[in-house]
Amino acid sequence: SQQGEEDPQALSIQEGENATMNCSYKTSINNLQWYRQNSGRGLVHLILIRSNEREKHSGRLRVTLDTSKKSSSLLITASRAADTASYFCATDAGGSYIPTFGRGTSLIVHP
Amino acid sequence: DSGVTQTPKHLITATGQRVTLRCSPRSGDLSVYWYQQSLDQGLQFLIQYYNGEERAKGNILERFSAQQFPDLHSELNLSSLELGDSALYFCASRGVGGTGELFFGEGSRLTVL
């Protein structure tokens with residue numbers, strides 16, 4: 001079963017626009033991670049935010065975490081065609097530290 | 001390059017057969033995770049090993065088994081294959097702390113005909 005669920009399922013934007021993806025989860029977490037997957041390839045880690053953090057930045061990426069709402073968002077600013085990929089959130093919950101993935105958001109950035 | 005190596009990249013086999021997927025984790029990583037990715041189920045956690053010991057089990061079928069060897073490479077064995085087992089199988093490793101990012105291999109794409 002999925003712990004995290006991304007929204008929207010699909011997002012289509014023009015190059016230069018910002019892309020925002022959301023992730024909701026059900027139980028308390030230790031941390032939340034965002035990954036990127038190009039079609040048929042392995043997942044690549046983008047950013048990790050711990051449960052006691054509220055916001056994190058990495059280059060053009062900004063991640064927020066609201067533990068009271070059990071949700072996170074990933075913002076990609078000034079998107080590029082090369083950002084076209086699927087984006088997944090993964091949560092580590094409880095003592096098991098097993099990252100559980102959502103179904104992902106498919107992002108298409110048109111040049 | 002994540003440093004995680006998976007073989008084979010592609011595998012086509014028939015129903016009822018058995019296959020073995022192999023994973024070499026990043027140098028120094030003791031944890032290996034196996035995930036199955038299919039269109040209808042998303043990315044599902046199968047099993048985790050840590051330094052040769054099974055640490056956690058997820059949605060892994062009884063027809064599937066895995067092990068981690070003393071050199072830390074891992075193998076996922078899939079037997080009595082069914083059409084529904086067609087999927088991408090990923091291996092990922094994690095650093096010694098066990099709480100950070102996962103490093104994924106490129107996956108093994110299994111097609112069962």
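Of note:
- Region B:7-44 and region A:8-73 have their alpha-carbon centroids 25 Å apart.
- Here the protein assembly as shown yields Rg over Rh of 0.97, to two decimals, using C-alpha coordinates and the Kirkwood radius.
- Amide H contacts of B:Gln17 (H built 1.01 Å from N, under 5 Å, at least 5 apart or other chain): B:Leu81
- Candidates B:Ile12, B:Ile60, B:Ile47: whichever shows maximal mean-square fluctuation once chain B is modelled as a Gaussian network with Cα springs under 10 Å: B:Ile12
- Average beta carbon contacts from partner chains per residue of B:12-23, 10 Å cutoff: 0
- Most fluctuating residue given options A:Tyr87, A:Tyr35, A:Tyr97, as computed from a GNM of chain A linking Cα atoms under 10 Å: A:Tyr97
- With the highest mean first, a sort of the peptides B:33-39, B:52-58 on other beta-carbon atoms found within 10 angstrom per residue produces B:33-39, B:52-58.
- Filter on A:Lys69/B:Lys57; A:Lys26/A:Lys56; A:Lys70/B:Lys9 - keep pairs with C-alpha separation over 27 Å: A:Lys69/B:Lys57; A:Lys70/B:Lys9
- Legend: mean number of C-beta atoms from other chains within 10 angstrom of residue C-beta atoms, peptide B:46-56, equals 1.
- GNM top mover of A:Ser96, A:Ser51, A:Ser24 - chain A, alpha-carbon springs below 10 Å: A:Ser96
- The calculated P(r) of region A:20-111, using every Cα pair and 10 Å bins from 0, goes 17, 52, 27, 5, 0 in percent.
- Average beta-carbon neighbours from other chains, 10 Å sphere, peptide A:36-47: 5
- A 1.4 Å probe, protein heavy atoms only, puts the accessible area of B:Asp40 near 100 Å².
- Under a model in which nothing but the beta-carbon of Lys, Arg (+1) and Asp, Glu (-1) is charged, chain B shows a dipole of about 80 debye around its Cα centre.
- Here region B:17-113 yields Rg over Rh of 0.95, to two decimals, using C-alpha coordinates and the Kirkwood radius.
- Cβ-placed point charges (K, R +1; D, E -1), dipole of region A:1-57 about Cα centre in debye, nearest 20: 280
- Rounded to the nearest 20, the size of the Cβ-charge dipole of the protein assembly as shown about its Cα centre is 160 debye, with Lys and Arg at +1 and Asp and Glu at -1.
The values are calculated or read from the model by the stated rules, or taken from the named source; none is laboratory data. Worth saying up front: this structure is predicted, and the values here are computed from it rather than measured. Don't worry about glycine lacking a Cβ; one is built from the backbone with ideal geometry, like all the others, and counts go over all protein chains shown. Ligands, DNA and RNA are stripped out before the accessible areas are found, and what is left, the full protein with its side chains, is counted by its heavy atoms. Shrake-Rupley method; radii C 1.70, N 1.55, O 1.52, S 1.80 Å.
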